[in-house]
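Colleague: One structure, pasted below without further comment.
The values are calculated or read from the model by the stated rules, or taken from the named source; none is laboratory data. Note that the structure is a prediction, hence the values are computed from the model and not measured. All Cβ positions, even for glycine, are placed from backbone atoms using ideal geometry, and neighbour counts span all protein chains on display. The protein model used for the area step is the full one, side chains on, heavy atoms only, and it has no ligands, DNA or RNA in it. Shrake-Rupley method; radii C 1.70, N 1.55, O 1.52, S 1.80 Å.
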Amino acid sequence: MTELATPPAEQEQEIARISHWIGGRSVAGSSGRSGPVYDPAMGRQTGAVDFASVEEVDRAVRTARDAFPAWRATSLSKRSEILFRMRQLFYERREDIARMLTAEHGKVFSDALGEVARGLEVIEFACGIPTLLKGDYSEQASTGVDVYSIRQPVGVVAGITPFNFPAMVPMWMFAPALACGNTFVLKPSEKDPSASLLIAELLQEVGIPDGVFNVVHGDKLAVDALLDHPDVDAISFVGSTPIARYIYERGSQAGKRVQALAGAKNHMVVLPDADIEMAADAAVSAGYGSAGERCMAISVVVAVGDAADPLVDAIKERLPKIKVGNGFEPDVEMGPLITREHRDKVASFIDKGREAGATIVAGGREQEVDGDGFFLAPSLLDNVTPQMEVYLEEIFGPVLGVTRVETYDEALRLVNENSYGNGTAIFTRDGGVARQFQFDVQAGMVGINVPIPVPVAYYSFGGWKDSLFGDTHIYGPEGINFYTRGKVVTSRWPDPATSKVDLGFPQTR
Ligand code: NAD
């Protein structure tokens, strides 16, 4: 992780300082460490984000711990009233949030608005918290004995989030976590941290009490401090597979409940009977949308039999029409990658593919866009085989590989043998085959003629295999379970007839 020395004097005015948010106010970092934040479309540094020390993380966690008793005691109707206000204010300020996403992440503005909209759906779901927390009740489980269940918040939740959805992924976490009565410490990605501070201000405005929602910025040091802190009860993580595995192991060892959603290599199977034009549109939007920096992006198109030639032609034909550039320009469809290093790493996969024998159908490094932004042309590689690095690794950029197979069985085997199991899709007109695919395939989210099957907010989101560590998916009903602990009460009351005080009960009933 790059450390920023004091910015040069001539840049000082242009570089915004991005601080923590603890106890309901902005708190400047005191560790002396920070990281650069870029406008990736211009390729220049715009901010410096403070990196928290262990002590600063401790202060945020203690603040959240202190705020917990009052927040968990706040009535369900009050919490739900705040959530309704949250939904309304986030909706009203959606363009302000989206502008921050485009400025620091680079995704096009319409896509940034889409990100906020998907996050809002999770807040809407959380508005129903009085219903979601209803328990069960069994009267007369034994004579005079009743049994009932309740769900209670776990305490302090830490959310550690990736760069690619700087608003939506935190919303996946804090909306249900706060609704359930927990307090929260967010450690956003250090690459695009500003949206988290606007979120903190909006939460304060809608009535979330100070200390209930806090933000600490930083790198591994801050994350480790959260993982080890005895007052953090649960960790929600979304990010790459190696880090997810690490978070899961270290957090679990410290006795916390952990859900760690990880990387992906999503396959889209196209059968010969598919609507090829529809499949090509889907492959293009799911492969190159947000410059391929989505965990649900399609990375491999598995073309079965005769589907391959027309499909590759149809995708190729569409690529020159994708306008690449600054996401604030209205007709631009694909923005830059997050950093120069990431852009170069993604580009190196194209070279490796070429060297390993894949056919470069379109793209490569060249992309003419004014300025020094981190752009890369949408690239299409045909004849990618399962042994190639470009097939095996998560690329996380605008690079789509086509792997040709002869049969449905071969296609299915490819998906199932892949170490990742986040999302997958099948394109076919045959309902029976689609149903069989849904039955056989080893992935957490399946699309049938839908390339990016992100579950709606009242289902839960999560992958299988190396795409998830832990057993609970995020948001939806599983999110409510993750952020609460179950308690079952078995109760017996003395027979009122035996009371020493005359209550007017008959002796026998
Ligand atoms: P990342 O794993 O590099 O970073 C995620 C978070 O972990 C950040 O907050 C970062 O500061 C922190 N982190 C990074 N290195 C660390 C270390 N060594 N020790 C402790 N903490 C560390 O991921 P990213 O590059 O920000 O995001 C892209 C990745 O996230 C991709 O792999 C993508 O597939 C994945 N992702 C998964 C999902 C999902 O739901 N499964 C959703 C979005 C993104």
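Colleague: What residues have an amide H closer than 5 Å to that of Glu293, excluding those fewer than 5 places away on the same chain, when H is modeled at 1.01 Å from N in the peptide plane?
Modeller: Sorted by chain and number, the residues that satisfy this come to none at all.
Colleague: Mind checking the dipole of the stretch 270-317: about its Cα centre, +1 per Lys or Arg Cβ, -1 per Asp or Glu Cβ, Debye to the nearest 20?
Modeller: With Lys and Arg at +1 and Asp and Glu at -1, about 300 debye.
Colleague: I need the shape label for the stretch 266-448. Rule: rounded when a/c is under 1.5, else prolate if a/b > b/c, else oblate, with a, b, c from the alpha carbon gyration tensor.
Modeller: prolate
Colleague: In sequence order, what are the phi-derived ³J(HN,Hα) couplings for the stretch 264-269 according to the Karplus relation 6.51 cos²θ - 1.76 cosθ + 1.60 with θ = phi - 60°, rounded to whole Hz, with x for glycine and proline?
Modeller: Each residue of the stretch 264-269 in turn: 7, 8, 7, 9, 10, 8 Hz.
Colleague: With an 8 Å cut-off on Cα pairs and a minimum separation of 6 or more residues, tell me the relative contact order of the chain in percent. Numbers along the way, then the final one.
Modeller: Values: 1191 pairs, mean separation 87.8, N = 509.
It comes to 17 percent, rounded to a whole number.
Colleague: Could you derive backbone 3J(HN,Hα) for the stretch 81-94 from the dihedral phi with the Karplus parameters 6.51, -1.76 and 1.60 (θ = phi - 60°), listing whole Hz in sequence and x where the residue is Gly or Pro?
Modeller: In residue order, the calculated couplings are 4, 5, 5, 4, 5, 4, 4, 5, 5, 4, 5, 5, 9, 4 Hz.
Colleague: Moving to a separate point now. Mind checking which lysines have their C-alpha under 20 Å from Lys78, skipping anything on the same chain fewer than 8 residues away?
Modeller: Lys134
Colleague: A further question follows. Highest first, please rank the peptides 174-184, 44-54 by the mean number of other Cβ atoms sitting within 10 Å of their residues.
Modeller: 174-184, 44-54
Colleague: Please report, in debye to the nearest 20, how large the charge dipole of the stretch 266-448 is about its Cα centre when each Lys and Arg carries +1 at its beta carbon and each Asp and Glu carries -1 there.
Modeller: It comes to approximately 260 debye.
Colleague: Now for a separate question. If I compute solvent accessible area with a 1.4 Å probe over the protein chains, what percent of it on the chain is carbon and sulfur?
Modeller: 50
Colleague: Ranked from highest to lowest mean number of other Cβ atoms within 10 Å per residue, what is the order of the peptides 226-232, 329-335?
Modeller: 226-232, 329-335
Colleague: Put +1 on the Cβ of every Lys and Arg and -1 on every Asp and Glu Cβ in the stretch 281-440; which of Ser419, Pro320, Thr407 then has its Cα farthest towards the positive end of the dipole?
Modeller: Ser419
Colleague: As I understand it, the value is the acute angle between the Cα axis of helix 54-73 and the longest principal axis of the Cα atoms of the chain; what does it come to in degrees, rounded to 10?
Modeller: So the helix axis and the longest Cα principal axis differ by about 50 degrees.
Colleague: For the pair Ser491 and Glu201, how long in nm is the line joining their label points, each one 7 Å along Cα→Cβ?
Modeller: Distance between the two pseudo-spin positions: 4.6 nm.
Colleague: Here's something else I'd like to know. Helix 431-440 against the longest principal axis of the chain: what's the angle in degrees, Cα atoms only, rounded to the nearest 10?
Modeller: Long axis of 431-440 versus the principal axis of the chain: about 70 degrees.
Colleague: Shifting gears a bit: Can you tell me which of 460-472, 404-416 comes out highest on packing, and rank the rest after it, using the mean Cβ neighbours within 10 Å?
Modeller: Highest mean packing first, the order is 460-472, 404-416.
Colleague: With respect to the cross-link table entries Lys191/Lys465; Lys191/Lys220; Lys191/Lys256; Lys107/Lys465, which display a Cα-Cα separation exceeding 22 Å? Don't jump to the answer; show the numbers that get you there.
Modeller: Working: Lys191/Lys465 27 Å; Lys191/Lys220 13 Å; Lys191/Lys256 27 Å; Lys107/Lys465 28 Å.
Violating the 22 Å Cα-Cα cut-off are Lys191/Lys465; Lys191/Lys256; Lys107/Lys465.
Colleague: Hey, can you find the accessible area per residue of the chain for me, probe 1.4 Å, expressed in square angstrom?
Modeller: 42
Colleague: Looking at Ala274, Ile298, Ala308, which one has the Cα that reaches farthest to the positive end of the dipole of the stretch 266-448 (charges on Cβ: Lys, Arg +1; Asp, Glu -1)?
Modeller: Ile298
Colleague: How would the stretch 104-193 be classified by its alpha-carbon gyration tensor: rounded, prolate or oblate, with rounded meaning a/c under 1.5 and the a/b versus b/c comparison settling the rest?
Modeller: Note, shape of the stretch 104-193 comes out prolate.
Colleague: Follow-up question, since we're still on this one. I need the shape label for the chain. Rule: rounded when a/c is under 1.5, else prolate if a/b > b/c, else oblate, with a, b, c from the alpha carbon gyration tensor.
Modeller: Cα axes put the chain in the oblate bin.
Colleague: Could I ask something else about it? Using the Karplus curve 6.51 cos²θ - 1.76 cosθ + 1.60 with θ = phi - 60°, what ³J(HN,Hα) values do you get for each residue of the stretch 270-283, in whole Hz, with x for Gly and Pro?
Modeller: 10, 8, x, 8, 5, 6, 5, 5, 5, 5, 5, 4, 5, 5
Colleague: What number, rounded to the nearest 500 deg cm²/dmol, is the helix-based mean residue ellipticity at 222 nm of the chain, given -39500 (n - 2.57) per DSSP H run of at least four residues and division by all its residues?
Modeller: -11500 deg cm²/dmol
Colleague: Sequence-distant or interchain residues sharing an amide H contact under 5 Å with Arg485, placed H: which?
Modeller: Gln152, Val154
Colleague: Hey, another quick one. For Val49, what residues show an amide H to amide H distance below 5 Å, using hydrogens built from the backbone and excluding near sequence neighbours?
Modeller: Under 5 Å from the amide H of Val49: Ile18, Gly35, Val37.
Colleague: Charges on Cβ only, +1 for Lys and Arg, -1 for Asp and Glu, centred on the Cα centroid of the stretch 179-224; of Leu197, Gly211, Val185, which one is farthest towards the dipole's positive end?
Modeller: Val185
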